[in-house]
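Asks: Have a look at the structure that comes next, please.
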Amino acid sequence: MEKTSVKKIGILTSGGDAPGLNAAIRAVARTCMDEYGIKVYGIEQGYRGLIEGNYHELTRDVLSGILTRGGTILGTSREKPFKNPERNEKTGLYPVEAIKKNYKKMGLDALVVLGGNGTNTTASLLAEEGLNVIGLPKTIDNDLPLTDITFGFHTAVSVATEAIDRLHTTAHSHSRIMVIEVMGHKAGWLGLYAGIAGGGDVILIPEIPYRIEPIAKHIKERQKSGHGFSIVVVAEGALSEKESYMDKKSLKKARAEMPYSIGYKVAKELEEATELESRVTVLGYLQRGGTPVPYDRVLATQFGTAAAHMIAKGDFGKMVALQNGEPVGVPLEDIAGKIKKVPLNHPLLMAAREVGTCFGD
């Protein structure tokens with residue numbers, strides 16, 4: 001057992017759940033316990049649990065059998081302690097004050113946070129407040145910068161692709177336009193990967209504002225060539241060319257006033273432009289749930305063990321990232337508040353265009 005000055009750490013999961021969280025928790029905890037003799041405590045319901053002081057020790061019995069489970073055994077929340085903070089009436093403390101107090105009360109030497117953009121942004125701010133923090137990149141959107149991939153992404157791609165595969169048969173049987181809405185509010189990685197894997201004829205992602213005219217033309221040309229159906233994959237954050245000129249506030253207002261999600265909007269527009277029957281399937285939370293695919297289990301384990309070694313060395317204020325196949329630590333401040341979008345010259349985007357995929361531009 002190697003020596004380290006770190007004696008006790010806390011782990012929390014924050015933001016949306018994703019496949020692979022339990023695998024990462026297990027990897028961090030077991031490596032810390034077995035290799036370094038570090039005690040590990042699970043903090044319940046994300047940053048909310050750290051504010052309220054809800055935690056329990058993670059023993060080997062607790063960790064047993066969680067590798068293959070979806071979701072998170074610790075629970076999660078979207079608590080944002082730095083955003084619009086309010087003083088607790090009972091304790092008289094603001095959220096960040098409560099976090100620092102409980103961190104000290106628990107006797108923690110470090111905190112490991114598993115999450116996406118918001119989670120790691122908060123982690124960066126906590127590091128500035130003097131806490132020893134390590135982040136792990138979890139998100140099905142794959143939109144965290146400085147890492148080639150995030151865990152949870154491949155499982156979501158697998159789920160979305162299987163759904164597209166299944167919708168192919170009914171689209172073909174009824175000669176319909178099938179619109180499949182996938183997650184991806186600010187970045188189109190999930191829509192791009194699942195769209196290509198599922199043979200989407202049209203893929204709409206936030207990075208490429210769409211116009212209905214070229215999409216309708218593409219679908220009509222397919223019909224003329226004997227293909228009576230079309231598969232349209234739409235990321236939830238896709239926007240029209242007109243919407244792309246709006247400022248953030250105006251776009252948010254326009255979307256809030258829509259009586260339906262973007263998938264229904266696109267389907268309605270295409271039905272009017274092509275006179276072909278359209279149907280919509282919104283995959284929603286299906287993409288988050290279920291058993292993680294082997295790739296995500298392996299990736300989460302790799303991230304978790306790397307985090308444990310960084311903790312033992314006192315290498316804090318960083319997020320574990322995957323770069324060129326190797327886990328590395330990147331400064332949390334370089335991640336905070338940033339999004340990794342699909343580059344317009346990305347090889348996968350180019351490959352999709354070359355096989356005839358329409359992106360609505």
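The values are calculated or read from the model by the stated rules, or taken from the named source; none is laboratory data. A quick note: this is a predicted structure, and the numbers were derived from the prediction, not measured. Neighbour counts run over all protein chains shown; Cβ positions are idealised from the backbone, glycine included. For the accessible areas, the whole protein counts, side chains as well, though only heavy atoms, and no ligand, DNA or RNA atoms are used. Shrake-Rupley method; radii C 1.70, N 1.55, O 1.52, S 1.80 Å.
Asks: Looking only at region 118-150, count how many residues are assigned to a loop (DSSP other than H, G, I, E, B) and over 20 Å from D17 (Cβ atoms).
Replies: Matching residues across region 118-150 total 7.
Asks: Among the residues of region 333-341, are any open to solvent by 70 Å² or more (accessible area, probe 1.4 Å) and within 25 Å of I212 (Cβ to Cβ)?
Replies: Yes, region 333-341 contains a residue that is open to solvent by 70 Å² or more (accessible area, probe 1.4 Å) and within 25 Å of I212 (Cβ to Cβ).
Asks: Which of (1) more than 17 Å from the chain's Cα centre (by Cα); (2) open to solvent by 10 Å² or more (accessible area, probe 1.4 Å); (3) under 16 Å from P292 (Cβ atoms) is the odd one out, the single condition K7 does not satisfy?
Replies: (3)
Asks: Applying the selection to region 214-267, what residues are of a type in the set (S, T, N, Q) and surrounded by 14 or more Cβ atoms within 10 Å (Cβ to Cβ)?
Replies: Answer for region 214-267, where residues must be of a type in the set (S, T, N, Q) and surrounded by 14 or more Cβ atoms within 10 Å (Cβ to Cβ): Q223, S230, S240, S261.
Asks: Pull up region 64-102, narrow it to residues that are farther than 22 Å from V133 by Cα and hydroxyl-bearing (S, T, Y), then point me to the one that is least open to solvent (accessible area, probe 1.4 Å).
Replies: Ranking the candidates gives T68 first.
Asks: Restricting attention to region 267-281, which residues are touching a strand residue (DSSP E or B) at 6+ places or on another chain (Cβ under 8 Å), outside any strand (DSSP E or B) and not hydroxyl-bearing (S, T, Y)?
Replies: Selection gives A267, K268, L270, E271, L276, E277.
Asks: Scan region 310-327 and give yes if some residue there is of a type in the set (D, E, K, R), crowded, with 21+ Cβ neighbours inside 10 Å and not in a helix (DSSP H, G or I), otherwise no.
Replies: Checked against the condition, which is being of a type in the set (D, E, K, R), crowded, with 21+ Cβ neighbours inside 10 Å and not in a helix (DSSP H, G or I), region 310-327 yields at least one hit.
Asks: If L192 meets every condition in (1) surrounded by fewer than 19 Cβ atoms within 10 Å (Cβ to Cβ); (2) in a helix (DSSP H, G or I); (3) of a type in the set (A, V, I, L, M, F, W, C) apart from one, which number is that one?
Replies: Among (1) surrounded by fewer than 19 Cβ atoms within 10 Å (Cβ to Cβ); (2) in a helix (DSSP H, G or I); (3) of a type in the set (A, V, I, L, M, F, W, C), L192 violates only (1).
Asks: A follow-up question, please. Looking at H309, is it modelled with pLDDT of 95 or more and out of contact with any Leu (no Cβ under 9 Å at 6 or more places or on another chain)?
Replies: yes
Asks: Follow-up. Restricting the search to region 46-61, which residues are among the hydrophobic types (A, V, I, L, M, F, W, C) and closer than 16 Å to K8 by Cβ?
Replies: L50, L58
Asks: Out of the residues in region 151-165 meeting the condition of being part of a helix (DSSP H, G or I) and under 10 Å from the mean Cα position of the chain (by Cα), tell me which one is surrounded by the most Cβ atoms within 10 Å (Cβ to Cβ).
Replies: Out of the qualifying residues, it is A156.
Asks: How about region 46-63: which of its residues are under 23 Å from A18 (Cβ atoms) and open to solvent by 80 Å² or more (accessible area, probe 1.4 Å)?
Replies: Those that are under 23 Å from A18 (Cβ atoms) and open to solvent by 80 Å² or more (accessible area, probe 1.4 Å): R48, Y55.
Asks: Still on this structure: Check region 75-83 and report whether any residue there is in contact with a strand residue (DSSP E or B) (Cβ under 9 Å, 6 or more places away or on another chain), at pLDDT 90 or above and of a type outside the set (S, T, Y).
Replies: Checking region 75-83: at least one residue is in contact with a strand residue (DSSP E or B) (Cβ under 9 Å, 6 or more places away or on another chain), at pLDDT 90 or above and of a type outside the set (S, T, Y).
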